[in-house]
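Written below as structure tokens is the structure these notes are about.
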Amino acid sequence: MSLAMKRLQNLGWLALVFMVAILLYPLSLNVAATHSDLVAVDREILETKREISFLQAEIRTRASLQQLEEWNCTAISRHWRSNLSMVKQRLQN
């Protein structure tokens with residue numbers, strides 16, 4: 001094989017590598033764009049999870065408040081009945 005053929009073959013390989021690099025560049029950009037989209041979706045998922053957690057805590061709190069209101073009504077009712085009976089006893093004496 002002559003020296004000119006070897007140089008031509010080397011230039012061919014160089015051109016092939018260059019063409020592959022040029023063809024892979026758009027793929028690399030596409031992968032980067034997709035990765036960016038996935039990162040944004042991950043952020044949205046985390047934000048939604050935080051919001052769900054907040055709403056669950058709010059629901060638990062409101063359920064607890066309902067229970068507390070029922071207990072307060074019962075306790076206040078007992079307190080007033082107790083005070084009413086004391087007042088009646090004082091009025092009778």
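The values are calculated or read from the model by the stated rules, or taken from the named source; none is laboratory data. Just so it is clear, the model here is predicted, and its values are computed rather than measured. Glycine gets a Cβ as well: all are built from the backbone with ideal geometry, and neighbour counts include every protein chain shown.
Return yes when R7 is of a type in the set (D, E, K, R), out of contact with any Pro (no Cβ under 7 Å at 6 or more places or on another chain) and loosely packed, with under 10 Cβ neighbours inside 10 Å and no when it is not.
No, not satisfied.
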Report, ordered by the first and then the second residue, all pairs with beta carbons closer than 7 Å, sequence separation of six or more or different chains, a first member in the stretch 69-93 that is on the phi > 0 side of the Ramachandran plot, and a second member that is modelled with pLDDT of 75 or more and aromatic (F, W, Y).
none
For the stretch 19-33, does any single residue satisfy the condition of being more than 39 Å from the chain's Cα centre (by Cα), without any contact (Cβ under 8 Å) to a residue 40 or more places away in the chain and assigned to a helix (DSSP H, G or I)?
yes
At pLDDT 75 or above, surrounded by 10 or more Cβ atoms within 10 Å (Cβ to Cβ) and within 20 Å of the chain's Cα centre (by Cα), is that true of T74?
no
